[in-house]
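Only one structure is covered here, and it is reproduced in the block below.
The values are calculated or read from the model by the stated rules, or taken from the named source; none is laboratory data. Just so it is clear, the model here is predicted, and its values are computed rather than measured. So basically every Cβ, Gly included, is an ideal-geometry build from the backbone, and we count neighbours across all protein chains shown. All accessible areas refer to the heavy atoms of the entire protein, side chains included, with ligands and DNA or RNA removed. Shrake-Rupley method; radii C 1.70, N 1.55, O 1.52, S 1.80 Å.
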Amino acid sequence: MTDEDKAQQAARTRAKIMEGLARAGRALFTRPAPKSARAQMKFLRKREKDSTKSLAERLGVSRKSDSGVL
């Protein structure tokens, strides 16, 4: 095996390791979106620091909507 072959093999190994780390990072830090409307609103409220006023403004609805989830 020549030095060039060894360097190519090392590069492939590094690429596999980096790909595995990236895949593990995505799996660890990415959660699926909430499914139910209530869970989605809870998530959005949390992102707006529990401010229903700013959440309603962002969604373009009133705070006293018919759904009652704000």
Where the accessible area of the chain is counted over protein heavy atoms with a 1.4 Å probe, how much of it, in %, is carbon and sulfur? 54
Okay, helix-only estimate at 222 nm for the chain: each DSSP H run of n ≥ 4 adds -39500 (n - 2.57), divide by all residues, round to 500 deg cm²/dmol; what do you get? -21500 deg cm²/dmol
Work out the count of Lys pairs in the chain where the Cα-Cα distance is under 21 Å, with the pair 8 or more places apart or on different chains. 8
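Sorted by packing (mean other beta-carbon atoms within 10 Å per residue), highest first, where do 49-61, 8-20 land? Walk me through the numbers on the way to the answer.
On the way: 49-61: 12.5, 8-20: 10.2.
In decreasing order of mean packing, 49-61, 8-20 become 49-61, 8-20.
Determine the gain in length on full extension of the stretch D50-A24; use 0.36 nm per residue of separation and subtract their C-alpha separation, reporting nm with one decimal.
Details: separation 26, 0.36 × 26 = 9.36 nm, distance 3.11 nm.
Using 0.36 nm per residue and subtracting the Cα-Cα distance, I get 6.3 nm.
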May I have the pair-distance distribution P(r) for the chain, computed from all Cα-Cα distances with 10 Å bins from 0 and rounded to whole percent? 17, 26, 15, 14, 12, 11, 5, 1
At Q40 and A15, where each label point lies 7 Å from the Cα along Cα→Cβ, what is the point-to-point distance in nanometres? 4.0
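Could you compute the FRET efficiency for A33 and R58, with r as their C-beta to C-beta distance and R0 at 22 Å, rounded to 0.05?
So, using R0 = 22 Å, E works out to roughly 0.85.
Would you mind working out the accessible area per residue for the chain, using a 1.4 Å probe, and quoting it in Å²?
On the way: 6380 Å² over 70 residues.
Here the per-residue accessible area is 91 Å².
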